[in-house]
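Readers should treat all values here as calculations from the given coordinates under stated rules, not as data from a laboratory. All values reported here derive from a predicted model rather than from experimental measurement. No Cβ is skipped: glycine too gets one built from the backbone with ideal geometry, and neighbour counts run over all protein chains shown.
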Amino acid sequence: MQSSDDTDPRLMLLSPGDSVYVLRDQIATGETIRLQGRAVRVGQALGLGHKIARVVHAPGDKVVKYGAPLGTVTAPIAVGEHVHTHNLTSDYTVSHTLDPARGQAEGG
């Protein structure tokens, strides 16, 4: 687990090659945080354990967390943007959601 002096201390980098940071605390809507020396405005409130992009991701890119691919990007993701089911599909579940009803509707 790493953190950089020029990155908000509420963000942790779990592995040097990760493309996302994991939140270790909450960030409020509209708050400006530091990411690798750059000021980034957060567009929505985010809670503990959520991911934000460390690098720009294009559709088809892999999101890497703990040094392993977590999923595939479905929509462009800017640095500092929330990375979740609205722009990422899991490489480990049938669909990009864990909602049982939706998973069944998509071929479960």
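When restricted to residues that are touching a Leu at 6+ places or on another chain (Cβ under 6 Å) and surrounded by 20 or more Cβ atoms within 10 Å (Cβ to Cβ), the stretch 50-63 contains 1. Candidates in the stretch 64-88 are the residues that are hydrophobic (A, V, I, L, M, F, W, C) and either touching a Cys at 6+ places or on another chain (Cβ under 7 Å) or not in a strand (DSSP E or B) (or both); of these, the one that is surrounded by the most Cβ atoms within 10 Å (Cβ to Cβ) is VAL79. Taking every residue in the stretch 6-28 that is polar (S, T, N, Q) and pairing it with any residue that is buried (at least 18 other Cβ atoms within 10 Å of the Cβ), at least 6 positions away or on another chain, the pairs with Cβ-Cβ distances below 7 Å are THR7/LEU35; SER19/ALA53; SER19/ARG54; SER19/HIS57; SER19/VAL63; SER19/VAL64; GLN26/LEU46. Taken together, the residues in the stretch 8-43 that are closer than 13 Å to GLU81 by Cβ, over 13 Å from the mean Cα position of the chain (by Cα) and assigned to a loop (DSSP other than H, G, I, E, B) amount to 1.
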